[in-house]
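Some notes on the structure that comes next.
The values are calculated or read from the model by the stated rules, or taken from the named source; none is laboratory data. This one's a predicted model, so the numbers in the text were calculated from it and none came from an experiment. So basically every Cβ, Gly included, is an ideal-geometry build from the backbone, and we count neighbours across all protein chains shown. Side chains included, ligands, DNA and RNA excluded: accessible areas come from the protein's heavy atoms. Shrake-Rupley method; radii C 1.70, N 1.55, O 1.52, S 1.80 Å.
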2 protein chains.
Amino acid sequence: MTQPKANVHRVFHALGDPTRRKIVEQLSERPYSVSQLAIPLAITVAAVVQHLQILEESGLVRTAKLGRVRTCRIEPTGLSVMEQWISERRTTWEKRFDRLGDLLEEPEES
Amino acid sequence: MTQPKANVHRVFHALGDPTRRKIVEQLSERPYSVSQLAIPLAITVAAVVQHLQILEESGLVRTAKLGRVRTCRIEPTGLSVMEQWISERRTTWEKRFDRLGDLLEEPEES
C-alpha cells in the first residue's frame, strides 16, 4: 500500500474544485462506495473515479477494493496540510501585530 | 467601501492557484504595493491586479489606493471561512468515531 503524498499544492488544487469538496463533505459523514458517491453528484462513475484519484494523491481520501466494490473513506492527512498552511499565515500575520504592539508600548527615550 | 463577500467556493477557488497562494504568503509578512508584489512573482503588474481582484472578492486581501500607489494587505476573513470548512469536516468525522466508541463500550445485553 502506498502512503498518500500530501503537499500544499496538491491539497489546495484538489479542494479548489467544488465536486471534490462535495466528495470530501460526503465522506466526512461516513464511508461510501464509488457508485454511491456518483448518485447525489449526478456525474458518471468514471468522473467520480478521476476525482477520487486526485483526492487520494492529495492525502484527502483513502480507497480500498473488496471484491467488486471500492469503498472510499476520508483521510485526515490532507486536511492537516491545509490547516498547517493557514496557521502559518496567521502566525506570521499576528506576529507582525505583536511587534507593532511592543513598539507602541515601549516608553519614549528621554 | 464594499465589504468582501467571503464564501467557501470563492476562497477555495482563489487559493487553488499557486500564484495567489504566493501573494497571500507575501502579504502575511507585511503590506506590499502591487508593483512590489509583481517582482518576486516574475509576472506583469496587470496579472497581479487580476489575481488581487479575485483575492479581494474572496475576502483574503484588502487593497487601498493612496495617490498613485495601491497598497495590499492580508484580510483574515477568507482564511476563517476555510478554517471553518475544515473544522466542520473534522467535527463530523470525529463524531462518527465517538459514536463507534460508545457502541463498543456499551455492555452486552443479557
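Being modelled with pLDDT of 95 or more, out of contact with any helix residue (DSSP H, G or I) (no Cβ under 8 Å at 6 or more places or on another chain) and open to solvent by 80 Å² or more (accessible area, probe 1.4 Å): is that true of B:Gln3 here?
When the stated conditions are applied, B:Gln3 does not pass them.
Does A:Ile43 satisfy being over 21 Å from the mean Cα position of the chain (by Cα) and touching a residue at least 12 places away in the same chain (Cβ under 8 Å)?
Yes.
Conditions first: (1) surrounded by 13 or more Cβ atoms within 10 Å (Cβ to Cβ); (2) of a type outside the set (Gly, Ala, Ser); (3) touching a strand residue (DSSP E or B) at 6+ places or on another chain (Cβ under 9 Å). A:Pro76 passes all but one, so which condition is the exception?
Failed condition: (3).
Applying the selection to region A:26-43, what residues are more than 14 Å from chain B (Cβ to nearest Cβ) and in a helix (DSSP H, G or I)?
Within region A:26-43, A:Val34, A:Ser35, A:Gln36, A:Leu37, A:Ala38, A:Ile39, A:Pro40, A:Leu41 qualify.
For B:Glu108, all conditions in the list (1) modelled with pLDDT under 95; (2) in a helix (DSSP H, G or I) hold save one; what is the number of the exception?
Evaluating B:Glu108 over (1) modelled with pLDDT under 95; (2) in a helix (DSSP H, G or I) leaves (2) as the failure.
So is B:Ile86 aliphatic (A, V, I, L, M), touching a Lys or Arg at 6+ places or on another chain (Cβ under 7 Å) and either within 13 Å of chain A (Cβ to nearest Cβ) or open to solvent by 50 Å² or more (accessible area, probe 1.4 Å) (or both) or not?
no
Which one of A:Thr44, A:Thr91 is among the polar types (S, T, N, Q) and over 29 Å from B:Gly78 (Cβ atoms)?
Within the list A:Thr44, A:Thr91, the selection yields A:Thr44.
Would you please name the residue that is surrounded by the most Cβ atoms within 10 Å (Cβ to Cβ), looking only at residues in region A:55-72 that are among the charged types (D, E, K, R) and at pLDDT below 95?
Of everything passing the filter in region A:55-72, A:Arg70 is surrounded by the most Cβ atoms within 10 Å (Cβ to Cβ).
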